[in-house]
Ligand SMILES: Nc1ncnc2c1ncn2[C@@H]1O[C@H](COP(=O)(O)OP(=O)(O)OP(=O)(O)O)[C@@H](O)[C@H]1O
Ligand SMILES: [Mg+2]
């Protein structure tokens, strides 16, 4: 473990309980980008609650708010972040200075309102940004990037660089069409992209399954791309209630349908999630460097 990680742990106090981890996975960090074609489909709520459920399963997770312009993960947690990525770059802070804690001690990095600046950096700043991100190698088991919707060039870089993508869609045709457009574009640039599909706001299980299958089938038929159906989350009024309360729905309403769905989805994800060769923040960063050019 590097010294800075140790120092941060000391600074942050109590170590989270780690279980369900096989030794071979220790020290390897998986980067997951959560995205969608259309906006407002539930990415941020999913990212936050997915992170918390992974943490409850013993994983060390860092949630990274990368939604340019609309960064709001801290609002969903009812905490106001004191530092963010923009501070990291502008004030040359270290990554350990900008990691904050939310409910259940979930570690997160806030986006900040000037986040779009980070994509217009000069070489020195880009290098510094990468150098700081690299410090998270081995510190976290999983880094979750809550990216913005749509197909901006900047977001695409993160999608293409991540070890895998979680694509959130709702059953609405507009959301599905936009999701497919995103898949098509990402696949065009990275044919072996690993995409997990989550169908959010379903009325019942059948709708979740049928919607997911539709998207998987189209990608398979027209792009020859095999995507993975990760699961679905019911449309549940508790989600909106939790947003108003500014507390994650999995914690505020642990017995709600949405919380139950998230828990089963995370269990399934961990079962399937045998660590792959391309895992690791170094791989992520080297791809990010390539796509940055
Ligand atoms: N499973 C659900 N059941 C009911 N409502 C939901 C569900 N998921 C999300 N919502 C509603 O959708 C709203 C938007 O969710 P969220 O902010 O997570 O979307 P987003 O995809 O991150 O949006 P943006 O593209 O603007 O970043 C929430 O405030 C909530 O009211
Ligand atoms: Mg969002």
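The values are calculated or read from the model by the stated rules, or taken from the named source; none is laboratory data. For clarity, every value in this text was computed on a predicted model and none was experimentally measured. Virtual Cβ from ideal backbone geometry, glycine too; neighbours counted across all protein chains shown.
Restricting the first member to region 33-58 and to residues that are within 15 Å of residue 143 (Cβ to Cβ) and in contact (Cβ under 8 Å) with a residue 12 or more places away in the chain, and the second to residues that are assigned to a helix (DSSP H, G or I) and within 6 Å of ligand 1 (Cβ to nearest atom), the beta-carbon pairs closer than 9 Å and six or more apart or on different chains are 34/43; 34/44; 35/43. Can you confirm whether region 52-67 contains a residue that is at pLDDT below 85 and within 17 Å of the chain's Cα centre (by Cα)? Scanning region 52-67, I find at least one residue that is at pLDDT below 85 and within 17 Å of the chain's Cα centre (by Cα), so the answer is yes. Each residue in region 162-177 was checked for being touching a helix residue (DSSP H, G or I) at 6+ places or on another chain (Cβ under 7 Å), surrounded by fewer than 21 Cβ atoms within 10 Å (Cβ to Cβ) and in a loop (DSSP other than H, G, I, E, B), and 1 pass.
Filtering 159, 136 for residues that are touching a residue at least 40 places away in the same chain (Cβ under 8 Å) and not in a helix (DSSP H, G or I) leaves a single hit, 136. Would region 13-33 turn up any residue that is within 16 Å of ligand 2 (Cβ to nearest atom) and either touching a helix residue (DSSP H, G or I) at 6+ places or on another chain (Cβ under 8 Å) or at pLDDT 90 or above (or both)? The answer is yes; a qualifying residue exists.
Could you list, in sequence order, the residues of region 82-125 that are at pLDDT below 90, in a loop (DSSP other than H, G, I, E, B) and surrounded by 15 or more Cβ atoms within 10 Å (Cβ to Cβ)? Residues satisfying the conditions are 111, 112, 114.
Of the helices (runs of 4 or more DSSP H) lying entirely inside region 202-293, those carrying at least 3 residues that are farther than 30 Å from residue 153 by Cα are 205-223, 237-245, 249-252, 257-272.
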